[in-house]
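> I'd like to ask you about the structure that follows.
The values are calculated or read from the model by the stated rules, or taken from the named source; none is laboratory data. Just so you know, these numbers come straight off a predicted model, no measurement behind them. Virtual Cβ from ideal backbone geometry, glycine too; neighbours counted across all protein chains shown.
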Amino acid sequence: MTERRWISKVNKPARYVGGEMNEIIKENAPDLTRFALCFPDVYEVGMSHLGSRILYEAVNRLPFAACERAYAPWIDAEQEMRKAGERLYALESGDTLDKFDVLGFSLQYELSYTNVLLMLDLAGLPLRACERTEEHPLITAGGPCACHAEPLAPFIDVFMLGDGEETICILTEAVKEAKEKGLSREQLLDRLCGMEGFYVPSRYEVTYSETGQVKAITPVAGAPKSVRRAILTDLEHAVFPTKQLVPNTGIVHDRAVIELFRGCTRGCRFCQAGYLYRPVRERTVDTLKEQALEAVKDTGYEEISMTSLSSGDYPCLMELIGVLNGALKDKMVSLSLPSLRIDSFVKNYAEGIGEVRKSGLTFAPEAGTQRLRDAINKNVTEKDLLRTVSEAFEAGYSTIKLYFMLGLPTETDEDLLGIADLATKVISAYYKLPKEKRTQPPSVTVSVSPFVPKPFTPFQWEPQISREEIERRQNVIKQALRTQKRVRFQSHNAGVSHMEAIFARGDRRLADALEAAYRAGARMDGWYECFDYARWQDALASAGLDGAFYANRAREEGETFPYDHVDIGVSRNYLWHEREKAYAANTTKDCRQGCTGCGLMNVCGGKA
Amino acid sequence: MKILVKFSRSGALCMISHLDLLRTVQRSLRRAELPILYSQGFNPHPILSFAQAMGVGLETEGDYFAVGMEDTFDPAQFCERFNACAPSDLMAIAARKMANKERDPMARVQAARYRLVSDNEQALVQAAKALFKKTEYPYTRKTKSGERESDMRPMLLGLNTENGVRITVTCGDTNLPPAVLAAALAHVGGFPAENISFVREDLLTMINGELESVLCPPLEMD
Ligand code: SF4
């Protein structure tokens with residue numbers, strides 16, 4: 001890497017130098033297709049993202065391509081880079097991003113959109129696709145938000161929708177061929193447009209009605225009417241990296257990972273991932289064991305995480321834990337199991353996992369009353385929760401964190417009081433234990449985040465409650481918990497959730513607001529210390545837009561969504577039907593127990 | 001048994017904290033599948049200790065760690081196996097078995113030798129000579145309990161200006177951090193401290209009245 005003197009002056013310089021174990025460095029050659037995976041957040045966050053690790057491996061396995069990484073610099077480093085007149089670079093070669101053939105952004109959350117602009121800008125690239133030329137890299141973006149990132153449409157050449165491991169290779173190969181044949185950018189986009197998983201935003205014209213809603217989305221230049229998300233059918237044989245990057249400095253999730261399955265069958269109605277990653281695709285215990293052993297050997301990590309959207313639902317979980325424990329105990333490796341559901345935390349897991357740190361456990365009942373939990377299809381009962389926390393207390397855990405959402409459709413103050421009530425009962429569960437089984441007095445954190453209606457969920461038609469109402473409801477809970485000394489109340493910034501709601505279901509007109517906000521200094525908006533609500537209000541106003549129109553408006557059943565030309569496979573009818581069931585507080589069963597007809601029958605055969 | 005390992009770090013590895021370095025060495029040892037010994041107890045961790053903490057930014061060609069290893073292991077194999085599994089900017093240079101009663105390197109370190117580099121070597125040499133000519137050099141020392149007036153002169157042990165500039169200072173119990181030395185040189189020489197960069201060449205211990213590399217085994221041992 002070339003010398004960048006500013007690095008030693010900034011906070012956490014290790015973010016900017018690479019040199020990690022298992023980093024892949026290929027020798028540059030004129031016929032090499034160079035791909036830079038760009039994560040629009042800081043190093044510690046981006047390095048923790050499993051999807052990026054998989055794609056890094058997938059592209060680097062292509063003999064004709066090299067994949068490098070770039071992350072958004074923190075404020076201090078950005079300032080130093082600007083002072084030194086330096087461009088953003090990729091860590092492996094240290095070459096600036098403008099030298100690459102493709103930049104691929106990972107869109108994990110809406111509030112990282114300003115960082116996409118920041119990275120383009122720092123790379124010396126024009127922000128808008130229409131201002132870029134053949135000299136500039138192709139700009140692509142994937143990840144869950146890519147399916148509805150209309151506010152980013154003018155900045156991105158092509159979005160990759162759905163599972164990325166195959167799509168990204170198809171794209172890289174197309175770029176290579178375009179280079180060889182001397183195809184223009186438009187010719188390359190012609191090729192990609194129409195293929196499953198590739199969405200070229202410039203090939204769609206959007207018109208708006210007088211009242212501001214999307215009137216029509218019209219394909220142009222032969223683009224298909226809608227674009228289908230790519231679905232990897234064979235996870236078992238899909239590429240999975242065991243030589244996972246091992247950072248030299250601490251990151252958010254600093255451990256080796258195996259992925260038990262993709263998708264989730266629970267059908268929680270607020271959860272976008274539950275619909276966006278259907279159907280469930282699993283790996284076998286044999287494959288997982290092999291991958292775990294290799295990962296431990298290749299990384300030297302002392303902990304391996306069995307990850308998925310809901311790991312307790314893996315049918316062979318106990319078998320897997322047994323097998324891994326047997327194989328890894330001597331190697332001093334501990335297992336961890338994130339995203340446990342309340343009803344699946346049984347004592348055996350805790351014991352099977354062995355030497356886990358018994359400090360904290362988190363559970364997500366999401367709502368305070370059974371009625372509301374039924375409405376959101378979070379099939380968890382109070383009894384389950386209280387039994388589980390008793391077991392956890394007995395097993396030696398003392399701090400419990402409970403996650404809730406606030407402002408869910410159909411929520412009343414009774415549901416809010418239910419949150420306080422549940423927290424109180426969790427405390428009592430401890431004191432109900434016989435004295436000899438009590439280990440340490442419990443402390444419970446109640447974390448409440450405002451509900452953000454997400455595209456491709458049954459609640460995509462729903463308004464978000466106003467900021468004032470969010471704050472009122474937060475206070476209802478706070479008041480109800482006032483006398484509970486063992487319960488800590490944690491609330492989230494209402495402005496952040498409001499902006500998320502705007503951008504989640506936003507249309508292309510928001511691009512101007514996004515750019516205005518960025519120019520006014522917005523970046524790292526997912527970090528409280530950087531988020532500035534007033535700046536966003538100014539940006540919206542300058543673009544002539546009203547945030548409430550996007551966040552707080554109920555949609556008609558038939559309204560055209562800004563992302564209606566994206567087909568994730570789950571049918572709109574199914575989602576609407578689920579919404580109606582929510583209002584009737586009717587639950588829908590886990591589709592592992594029988595198909596509920598979401599629209600993906602041709603992919604999973606009705607056997608998720 | 002314990003093995004004493006002399007190592008270097010450069011490039012990306014200079015940018016990490018002491019705790020990060022400890023973790024990186026642990027993971028490298030594990031990847032190399034070396035037969036390391038673990039502490040007993042609820043939360044076992046490798047028996048591993050460093051001779052001297054290293055601040056962010058410091059490059060070294062001669063720092064040390066001691067690691068517990070099964071008796072059957074041949075120390076001659078250590079460097080090759082470790083280096084094959086460590087990040088490229090971290091390198092084991094030499095390894096030897098520690099004598100039975102040998103103290104951990106942390107307890108033996110008494111001095112450190114630095115190689116200094118500057119854009120203007122002439123000025124650096126002059127400043128160093130001027131600093132060493134002084135009989136005392138008062139400076140403000142930052143300690144955990146606050147600031148204290150102190151004399152730097154007794155901490156300056158040796159200056160060598162043949163073939164570059166090398167300065168030996170006290171290290172270990174009374175440590176003179178290179179950044180503090182740089183500030184003093186800059187002050188005496190009248191140039192900015194950023195102009196000087198450091199490489200730690202070796203950590204030293206007193207053997208028979210002479211400062212020797214910590215790699216040398218203590219005399220009284222077998
Ligand atoms: S088609 Fe049926 S089984 Fe398949 S994911 Fe949808 S609901 Fe589940």
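> Across segment A:294-332, what is the total count of residues that are of a type in the set (Phe, Trp, Tyr) and away from chain B (no Cβ under 14 Å)?
Keep residues of segment A:294-332 that are of a type in the set (Phe, Trp, Tyr), which gives A:301, A:314.
Now narrow it down to the ones that are away from chain B (no Cβ under 14 Å): A:314.
Final tally of qualifying residues: 1.
> Another question about this same structure. Mind listing whichever residues of segment B:34-73 are among the small types (Gly, Ala, Ser) and either away from chain A (no Cβ under 14 Å) or free of Cβ contacts under 8 Å to residues at least 12 places away in the same chain (or both)?
B:Ser39, B:Gly41, B:Ser49, B:Ala51, B:Ala53, B:Gly62, B:Ala66
> Any chance you could count how many residues in segment A:119-168 are of a type in the set (Asp, Glu) and in a helix (DSSP H, G or I)? Let's see the steps before the verdict.
Going residue by residue through segment A:119-168, those that are of a type in the set (Asp, Glu) are A:121, A:131, A:134-135, A:150, A:157, A:163, A:165-166.
Okay, now just the ones that are also in a helix (DSSP H, G or I), so A:121, A:131, A:150, A:165-166.
The qualifying residues number 5.
> Right, another one. Among the residues of segment B:77-107, which ones are in contact (Cβ under 8 Å) with a residue 60 or more places away in the chain, assigned to a helix (DSSP H, G or I) and either crowded, with 21+ Cβ neighbours inside 10 Å or of a type in the set (D, E, K, R) (or both)?
Within segment B:77-107, B:Phe78, B:Phe82, B:Pro105 meet the criteria.
> Give the residue that is surrounded by the most Cβ atoms within 10 Å (Cβ to Cβ), with candidates limited to residues of segment A:194-219 that are touching a strand residue (DSSP E or B) at 6+ places or on another chain (Cβ under 6 Å) and of a type in the set (Asp, Glu).
A:Glu196
> Kindly indicate whether any position in segment B:117-126 is under 30 Å from B:Met69 (Cα atoms), over 13 Å from the mean Cα position of the chain (by Cα) and buried (at least 16 other Cβ atoms within 10 Å of the Cβ).
Quick first cut of segment B:117-126, residues under 30 Å from B:Met69 (Cα atoms) only: none.
No, segment B:117-126 has no match at all.
> Now a separate question. Any residue at all in segment A:576-586 that's in the same structural domain as A:Thr265 (by TED's automatic domain parsing) and among the aromatic types (Phe, Trp, Tyr)? Even if it seems obvious, please write down each step before you answer.
From segment A:576-586, those in the same structural domain as A:Thr265 (by TED's automatic domain parsing) are A:576-586; that's our starting set.
So of that shortlist, the ones also among the aromatic types (Phe, Trp, Tyr) come out as A:576, A:583.
The answer is yes; a qualifying residue exists.
> A:Ile25 - would you say it is surrounded by fewer than 17 Cβ atoms within 10 Å (Cβ to Cβ), within 14 Å of chain B (Cβ to nearest Cβ) and not charged (D, E, K, R)?
Numbers: surrounded by fewer than 17 Cβ atoms within 10 Å (Cβ to Cβ): yes; within 14 Å of chain B (Cβ to nearest Cβ): yes; not charged (D, E, K, R): yes.
Answer is yes for this residue.
> Sticking with this structure for a sec: Does segment A:575-591 hold any residues that are surrounded by 17 or more Cβ atoms within 10 Å (Cβ to Cβ) and either of a type in the set (A, V, I, L, M, F, W, C) or near the ligand (Cβ under 8 Å from one of its atoms) (or both), and which are they?
Residues satisfying the conditions are A:Leu575, A:Ala582, A:Cys591.
> Does segment A:268-318 hold any residues that are among the polar types (S, T, N, Q) and modelled with pLDDT under 95, and which are they?
Looking only at segment A:268-318, we keep the residues that are among the polar types (S, T, N, Q), and these are A:272, A:284, A:287, A:291, A:299, A:305, A:307-308, A:310-311.
Once the filter is applied, which keeps residues that are among the polar types (S, T, N, Q) and modelled with pLDDT under 95, segment A:268-318 yields A:Ser305, A:Thr307, A:Ser308, A:Ser310, A:Ser311.
> What pairs can you find where one residue is in segment A:264-275 and more than 14 Å from chain B (Cβ to nearest Cβ), the other is within 10 Å of the ligand (Cβ to nearest atom) and of a type in the set (A, V, I, L, M), and their Cβ atoms are less than 8 Å apart, with a gap of 6+ or different chains?
A:Cys264/A:Val280; A:Thr265/A:Val280; A:Thr265/A:Ala608; A:Tyr275/A:Val570
> Here is a follow-up. Do we have any residue at all in segment A:501-515 that's modelled with pLDDT of 95 or more, more than 18 Å from A:Phe155 (Cβ to Cβ) and either not aliphatic (A, V, I, L, M) or not in a strand (DSSP E or B) (or both)? Break it down stepwise before answering.
Taking segment A:501-515 first, the residues modelled with pLDDT of 95 or more are A:501-515.
Those left that are additionally more than 18 Å from A:Phe155 (Cβ to Cβ): A:501, A:505.
Remaining after also requiring either not aliphatic (A, V, I, L, M) or not in a strand (DSSP E or B) (or both): A:501, A:505.
Yes.
> Also, I was wondering about something else. Within segment B:9-25, how many residues turn out to be farther than 18 Å from B:His45 by Cβ and either part of a helix (DSSP H, G or I) or more than 7 Å from chain A (Cβ to nearest Cβ) (or both)?
7
> May I pose another question? Whether any residue in segment A:246-263 is in a loop (DSSP other than H, G, I, E, B), closer than 28 Å to A:Val200 by Cα, within 20 Å of the chain's Cα centre (by Cα) and not charged (D, E, K, R) is what I want to check.
The initial filter retains those residues of segment A:246-263 that are in a loop (DSSP other than H, G, I, E, B), namely A:247-255, A:260, A:263.
Keeping just the survivors that are closer than 28 Å to A:Val200 by Cα gives A:263.
Remaining after also requiring within 20 Å of the chain's Cα centre (by Cα): A:263.
Next, from what is left, pick out any that are not charged (D, E, K, R): A:263.
Checking segment A:246-263: at least one residue is in a loop (DSSP other than H, G, I, E, B), closer than 28 Å to A:Val200 by Cα, within 20 Å of the chain's Cα centre (by Cα) and not charged (D, E, K, R).
> Please pick out the residue among A:Gly606, A:Gly594, A:Gly599 that is within 25 Å of A:Arg228 (Cβ to Cβ), near the ligand (Cβ under 10 Å from one of its atoms) and either surrounded by fewer than 17 Cβ atoms within 10 Å (Cβ to Cβ) or modelled with pLDDT of 95 or more (or both). Break it down stepwise before answering.
Working: A:Gly594 fails: within 25 Å of A:Arg228 (Cβ to Cβ); A:Gly599 fails: either surrounded by fewer than 17 Cβ atoms within 10 Å (Cβ to Cβ) or modelled with pLDDT of 95 or more (or both).
Going through A:Gly606, A:Gly594, A:Gly599 in turn, just one is within 25 Å of A:Arg228 (Cβ to Cβ), near the ligand (Cβ under 10 Å from one of its atoms) and either surrounded by fewer than 17 Cβ atoms within 10 Å (Cβ to Cβ) or modelled with pLDDT of 95 or more (or both): A:Gly606.
> Can you name the helices (runs of 4 or more DSSP H) wholly within segment A:2-110 that have at least 1 residues being of a type in the set (Lys, Arg)? Steps first, please.
Numbers: elements: A:43-46, A:50-60, A:75-84.
Ranges flagged: A:50-60, A:75-84.
> Could I ask something else about it? Restricting to segment B:29-49, count the residues that are closer than 21 Å to B:Asp104 by Cα and either outside the structural domain of B:Thr72 (by TED's automatic domain parsing) or crowded, with 19+ Cβ neighbours inside 10 Å (or both).
Residues of segment B:29-49 closer than 21 Å to B:Asp104 by Cα: B:29, B:34-40, B:44-49.
Adding the requirement that they be either outside the structural domain of B:Thr72 (by TED's automatic domain parsing) or crowded, with 19+ Cβ neighbours inside 10 Å (or both) leaves B:29, B:34, B:36, B:46, B:48.
Residues flagged as closer than 21 Å to B:Asp104 by Cα and either outside the structural domain of B:Thr72 (by TED's automatic domain parsing) or crowded, with 19+ Cβ neighbours inside 10 Å (or both) within segment B:29-49 amount to 5.
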